[in-house]
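Notes for the one structure printed next.
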Amino acid sequence: MEGTGEYTLPTHTRYVGEMKDGMFHGKGVLHFPNGSKYEGTWEKGISIEGKYTFSDGLEYKETDWDYCDAKDRRFYSERCNGLKPAGESQLTDRDPPRAIPGGCYDSVDGFYDASTRVVKDYDGNFLRNAVWYLFSLQIRSFPGLWDYILTTCGWKVRANIRDRDLHKSADLSH
């Protein structure tokens, strides 16, 4: 594709902008499913400069970032609209907060259902199975956990490990 166009990735992220030889090239914007966007200048498919804006309008700054740091833990919406009165808690940046179905947890891009181990988007569409993602996150977060699984649990574990990362091709059987 050449010139200006629009391309939607399988993740529902949408690129609108200039292209050359089928790659992002020139000025363009990536629109993410959660409402955030990245406006940038691309060269042969690689971003060479740009800015990321969260869905609530907060622009990310690589330097002098003062949002949600040790001195100020307010949500962006609280910075823009002020704090709620005493006794009225604001648990997320979204106000009013999104209703979370029973037995589920908000996973930023949707809801994780612990009973099915599936993450669905906010409209109920399948996003991913969460088992391997959560398991590999635990392995990376707690280096001793892998040794514990191998020596204590008695599981037969066959896994491809490269660069201390757990691949989805791992096979766990009891």
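The values are calculated or read from the model by the stated rules, or taken from the named source; none is laboratory data. This is a predicted model, so every value here is computed, not measured. Don't worry about glycine lacking a Cβ; one is built from the backbone with ideal geometry, like all the others, and counts go over all protein chains shown. Quick note on the areas: whole protein, heavy atoms, side chains included, nothing else; ligands and nucleic acids left out. Shrake-Rupley method; radii C 1.70, N 1.55, O 1.52, S 1.80 Å.
Shown is the FRET efficiency for R74 and T4, computed with R0 = 45 Å from the Cβ-Cβ distance and rounded to the nearest 0.05: 0.70.
When the label point is put 7 Å from the Cα of D123 along its Cα-to-beta-carbon vector, which residues of the range 12-31 have a backbone N closer than 18 Å? It comes to 12-15, 31, nothing else. Charged neighbours of L58, selected by a Cβ distance under 10 Å, balance to -1 (K, R count +1; D, E count -1). Sorting E43, E62 on solvent-accessible area from highest to lowest, probe radius 1.4 Å, gives E62, E43.
Of the solvent-accessible surface of the range 1-123, computed with a 1.4 Å probe over protein heavy atoms with every protein chain present, carbon and sulfur atoms account for 52 percent. So which of K61/K84; K27/K120; K71/K120; K44/K71 end up more than 30 Å apart by C-alpha? Going by Cα-Cα distance, K27/K120; K71/K120; K44/K71 fall outside the 30 Å limit.
Tally Lys/Arg at +1 and Asp/Glu at -1 over every other residue whose Cβ is under 15 Å from the Cβ of D72; what's the total? Every neighbour counted, the sum reads 0. When nucleic acids and ligands are ignored and a 1.4 Å probe is applied, T92 ends up with an accessible area of around 50 Å². Figure note: W42, W65 ranked by solvent-accessible area, largest first, 1.4 Å probe, ligands and nucleic acids not counted: W65, W42. Rolled with a 1.4 Å probe across the full set of protein chains, the surface gives H31 an accessible area near 60 Å². Ordered by 1.4 Å accessible area with all protein chains kept, T116, T53 run largest first as T116, T53.
In this structure D123 has an accessible area near 130 Å², from a 1.4 Å probe over the protein heavy atoms.
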